[in-house]
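Written out below as structure tokens is the structure these notes cover.
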Amino acid sequence: MSQPPLSERRRHDLIATENPRVVCTHLACSTTNLKADSLCQIRVGCDVMWSLAQQFACMRLIGSNLHQVENREAHFDDYAKVARCIAATYARFYLETEANGDKKLKGRYYWMALAAFASKTVACNMESKNMGRAQSMPINSLKQVKAHLAKGNIWLFQDIAPTHWFHSYYHDDCFDQCLSTRGKASYLLPVEHNLYTLPWGKEAVAATDYFKITPEIKEAFDLIKEITTVKNKEDKENIQLEHLQLIAIHEQQLLQKLIYNNKQFTSALSWQRKTPWFIDPAVRVVFNSTCSTEFSNHESVAPTSIVLEDYRARMEWINDAAKAFHKQMIDEPRRMDKELSIIASGYIPSGERRRT
């Protein structure tokens, strides 16, 4: 069961005239017969599978925080809470406690562990006193930094979380068959509508080319097969690091298009670098569930001279951060799992909350 092809104009008209809210409905409905214990097989296309995956990412954000829709675009009341929800979801994927996870395979989604610490750091930055002052002071540059942090975090999640969800739900042949089909025509209309309704939706969808799969993502997910089958511990660790670095390249290329090429954001970053008296310019990732640490090996701090909008300069630090994270995962695995479990507990889906 797949969506019949529509002309580009018809798709646009249907999306534009849809009730301007996030659509929380089943993607398809059918009647069933009255015979007990009978089965009905339904063949679905890759567009349905990608739509289910994308709807997961969309509804996870919608469930994380109060929101309202203005001019056909949703706005959240607290983007720090959204970032913590994203961090929790990343941690749940790594720990294999997300839907369709398999705890026997823990470690296959290695990038997700580092991403959990990174999104938690985004939340910490948004909750800082200086960011709070941006709401009540006429400092446009600081507001731009906060807005673009939220934008990058939300849309990176919309890109990468569905890929992991799909892989957990239907890995192996189905995932491999559908991987390259993700793109402009891969979503049912309610889901495509939701993408446009999320904050910064129209420009983010265009910038990411509807989350078209990149060579780095394909290679990174190919490595998951090796991570789950290799017997030698050191070999597995090396493959995990390679997997992480490939997704990091994809992630930073995506963020370059989403936020770092934006002139308002680059101007804001330039202002921040020149204003140490107002805001701490240090850029860091803390490998704890908390916002800070007294142990230097529990964090990665970027060079004070780093120009974040410069992709090459940023990637040099990202690679250093990845290696520092990797060392902690090897040296202190129990501590890291404990910290990730705390982050994961920061958002529990409502269905699970009712069962506890």
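No value in this document is a laboratory result; all are computed from the given coordinates. Here the structure is a predicted model, which is why all the values come from computation and not from measurement. We place every Cβ from the backbone using ideal geometry, glycine too, and count neighbours over all the protein chains shown.
Give me the net charge for the shell around LEU254: Cβ to Cβ below 14 angstrom, other residues only, Lys and Arg +1, Asp and Glu -1.
0
Restricting things to alpha carbons, tell me how big the stretch 173-221 is in terms of Rg and Dmax, in Å.
12.0, 34
Taking a ≥ b ≥ c as the square roots of the eigenvalues of the Cα gyration tensor of the stretch 202-342, is the shape rounded (a/c under 1.5), prolate (a/b larger than b/c) or oblate?
Cα axes put the stretch 202-342 in the oblate bin.
Taking 0.36 nm per residue of separation and subtracting the Cα-Cα distance, what length does fully extending LYS104 through GLN252 add?
50.3 nm
Based on the Cβ-Cβ distance of LYS274 and ASP209, what FRET efficiency does E = 1/(1 + (r/R0)^6) give at R0 = 35 Å, to the nearest 0.05?
Working from the Cβ atoms, E equals 0.55.
Taking the Cα centre of the stretch 200-356 as the origin, how large is its charge dipole in debye, to the nearest 20, when only Lys and Arg (+1) and Asp and Glu (-1) carry charge on their Cβ atoms?
Roughly 500 debye for the stretch 200-356.
For TYR347, what is the net charge nearby, where nearby means another residue's Cβ is under 9 Å from its Cβ and Lys, Arg count +1, Asp, Glu -1?
Net of charged neighbours comes to +4.
Using modelled amide H (1.01 Å from N, peptide plane; none on Pro or chain starts), what sits under 5 Å from the amide H of ARG284, excluding residues fewer than 5 places away?
ALA302
Give a residue-ordered list of calculated ³J(HN,Hα) values for the stretch 337-346 (Karplus: 6.51 cos²θ - 1.76 cosθ + 1.60, θ = phi - 60°; whole Hz; x for Gly, Pro).
Per-residue couplings from phi come out as 5, 5, 5, 5, 5, 5, 4, 4, 6, x Hz.
Just tell me which lysines come within less than 16 Å, Cα to Cα, of LYS151; anything on the same chain fewer than 8 places away is out.
Here the lysines satisfying the reach criterion relative to LYS151 are LYS81, LYS120, LYS143, LYS202, LYS257, LYS263.
May I ask you to derive the relative contact order of the stretch 189-302, considering only C-alpha pairs under 8 Å and at least 6 residues apart, and to give it as an integer percent?
Value for the stretch 189-302: 17 percent.
Under the rule of at least 5 residues apart or a separate chain, name every residue whose amide H is placed under 5 Å from the amide H of GLU299.
The answer is PHE287.
With θ set to phi - 60° and the Karplus curve 6.51 cos²θ - 1.76 cosθ + 1.60, what are the ³J(HN,Hα) couplings of the stretch 81-87 in order, to the nearest whole Hz, using x for Gly and Pro?
For the stretch 81-87, the Karplus curve yields 5, 4, 4, 5, 5, 4, 4 Hz.
Apply the a/c threshold of 1.5 to the C-alpha gyration tensor of the stretch 168-275 and tell me whether it is rounded, prolate or oblate.
Here the stretch 168-275 falls in the oblate category.
What's the magnitude of the charge dipole for the stretch 61-129 around its Cα centre, counting Lys and Arg as +1 and Asp and Glu as -1 at the beta-carbon? Answer in Debye, nearest 20.
In total the dipole reaches around 380 debye.
Compare the peptides 289-299, 246-256 by average per-residue count of other Cβ atoms within 10 angstrom and give them in order, highest first.
Highest to lowest by the protection proxy: 246-256, 289-299.
Taking the Cβ of ASP320 as the centre, find all other residues whose Cβ is under 14 Å away and add up their charges (Lys, Arg: +1; Asp, Glu: -1).
Neighbourhood net charge equals +3.
Can you list the lysines whose alpha carbon sits under 17 Å from that of LYS106, skipping same-chain ones fewer than 8 residues off?
LYS225, LYS231, LYS233, LYS236, LYS338
With unit charges on the beta carbons (Lys and Arg positive, Asp and Glu negative) and the dipole taken about the Cα centre of the stretch 144-239, which residue among PRO215, ALA185, PHE175 sits farthest to the positive side?
Final value for the positive-end residue is ALA185.
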